[in-house]
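The values are calculated or read from the model by the stated rules, or taken from the named source; none is laboratory data. Since the model is a prediction, treat every value here as computed from it, not as a measurement. So basically every Cβ, Gly included, is an ideal-geometry build from the backbone, and we count neighbours across all protein chains shown.
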Amino acid sequence: MRLMSVSIFLLLMWALLVSLSLTQGAVVLSLSDIWSVWQQGTLTEHFVLWNHRLPRMIIATLVGMSLALSGCMVQSVVRNPLASPDILGVTSAAALAVVGLLIYWPDANVHWIPFAALIGGFSAAGLLLLLTTKRLAEPSHLALIGLALGALFSAIVDYLLSKYPLEINGAMLWMTGSVWGRNWSHLPLILPWLMVLVPGAIYLCYRLDVLSLGQEKAASLGLKVTHLQVVTLLMAIALASVSVSVCGAIAFVGLVAPHIARFLMGGRHFPVIIIAMLLGAIILLAADIFARAIAPPLEFPAGIFVAMIGAPYFIFLITRYKHW
């Protein structure tokens, strides 16, 4: 009952943001304009709505859901509410791989970008596991070393941008995280992944509930702990990497959304995943609306406004957990 009531509230909030996303910007449209644009709208209104705002709204929603689900899965495996793909350096590595592709192979087909992001994300995860001596047994080690790796990957990106200044414009969009310019061609880059990985995550919910009891107890109940951890991490890294390939390195969605969802719904993974995905969609969509409505026709990267919310929230969380 609680899941239904919270979901309905968040869906209504998302619907409100959808209406704002479709109406606000350099060209202001009313809801009546949107309703009648197919019959009597001008060419400008039709272009703005169909080719620009509608795909942008859908992409922001899907990427927000993907990052939130990725954060849920990472936090479930490492059993640390401070963990997320960006905190562990996965998104920075994926962004580095994409920026490298854009610089060294600028004519590459857009469909190669997700593969580059996946290579970067999985490489970061492998390096992270190699550097943590106790692997998944010490969640704080993962987070701390992940922060260091993220800083290293960001430094490499800064070096590449300094060395290749002519390619800086396109690459900078990936580093700040932006939904600007996203169109229907970007939808196939993320939608198939979500169609496969969301049901997969829901299927793992019961096993993740058992894992939350502790590794020893979960193993005594017949759960293959290591196998579950590896599969869950692989799914989380894939979700985060594909999100980066579409919108760049948008930080803190994977941290904030799961934490709020867990506060609202408790410890069971199924309701937490559902609410976290809705919250992720709301956070990124709201940030994108604010980014283009604050000073039209100028548009700022949505990742900037997400970080303005997420960074203070992360500091707040650090002060609450003693092992830090």
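Can you tell me which of Val179, Val196 is assigned to a helix (DSSP H, G or I) and either among the hydrophobic types (A, V, I, L, M, F, W, C) or in contact with a Lys or Arg (Cβ under 9 Å, 6 or more places away or on another chain) (or both)?
Val196 is the lone residue from the list that is assigned to a helix (DSSP H, G or I) and either among the hydrophobic types (A, V, I, L, M, F, W, C) or in contact with a Lys or Arg (Cβ under 9 Å, 6 or more places away or on another chain) (or both).
Looking for whichever is buried (at least 19 other Cβ atoms within 10 Å of the Cβ) and modelled with pLDDT of 90 or more here; the options are Val63, Val78, Val98. Which one fits?
Val63
Check Asp86, Asp107 and return the single one that is modelled with pLDDT of 80 or more, acidic (Asp, Glu) and outside any helix (DSSP H, G or I).
Of Asp86, Asp107, the one residue that is modelled with pLDDT of 80 or more, acidic (Asp, Glu) and outside any helix (DSSP H, G or I) is Asp86.
Residue by residue through region 292-306, note down the ones that are in a helix (DSSP H, G or I), closer than 24 Å to Ser92 by Cα and in contact (Cβ under 8 Å) with a residue 60 or more places away in the chain.
Ala302, Gly303, Ile304, Val306
Determine which member of the set Leu191, Leu239 is of a type in the set (A, V, I, L, M), assigned to a helix (DSSP H, G or I), buried (at least 18 other Cβ atoms within 10 Å of the Cβ) and under 15 Å from the mean Cα position of the chain (by Cα).
From the options Leu191, Leu239, the qualifying one is Leu239.
Please name all residue pairs, on different chains or six or more residues apart, with Cβ atoms under 8 Å, provided the first residue is in region 156-170 and is at pLDDT 70 or above and the second residue is among the hydroxyl-bearing types (Ser, Thr, Tyr) and part of a helix (DSSP H, G or I).
The qualifying pairs are Val157/Ser92.
Specify which of the listed residues (Leu49, Leu17, Leu54) is buried (at least 19 other Cβ atoms within 10 Å of the Cβ), modelled with pLDDT of 85 or more and outside any loop (DSSP other than H, G, I, E, B).
Leu17
Read through the list (1) farther than 19 Å from Phe115 by Cβ; (2) at pLDDT below 90; (3) within 14 Å of the chain's Cα centre (by Cα), then give the number of the only condition that Leu211 fails.
Result: Leu211 passes all but (3).
Is it true that Gly248 is in contact (Cβ under 8 Å) with a residue 40 or more places away in the chain and under 27 Å from Val210 (Cα atoms)?
No.
For region 256-272, state whether one or more residues are under 21 Å from Trp14 (Cα atoms) and in contact with a Ser or Thr (Cβ under 8 Å, 6 or more places away or on another chain).
Within region 256-272, one or more residues are under 21 Å from Trp14 (Cα atoms) and in contact with a Ser or Thr (Cβ under 8 Å, 6 or more places away or on another chain).
Tell me the residue from Leu255, Leu234, Leu213 that is surrounded by fewer than 19 Cβ atoms within 10 Å (Cβ to Cβ), hydrophobic (A, V, I, L, M, F, W, C) and in a helix (DSSP H, G or I), please.
It is Leu234.
Quick check, is Thr319 exposed (fewer than 15 other Cβ atoms within 10 Å of the Cβ) and not small (Gly, Ala, Ser)?
Yes; evaluated as a whole, the condition is true for this residue.
Can you pull out every residue in region 57-69 that is closer than 16 Å to Ile87 by Cβ and either in contact with a Ser or Thr (Cβ under 7 Å, 6 or more places away or on another chain) or outside any helix (DSSP H, G or I) (or both)?
Leu67
Return the residues of region 134-151 that are modelled with pLDDT of 85 or more and surrounded by 16 or more Cβ atoms within 10 Å (Cβ to Cβ); say none if nothing qualifies.
Leu149, Gly150
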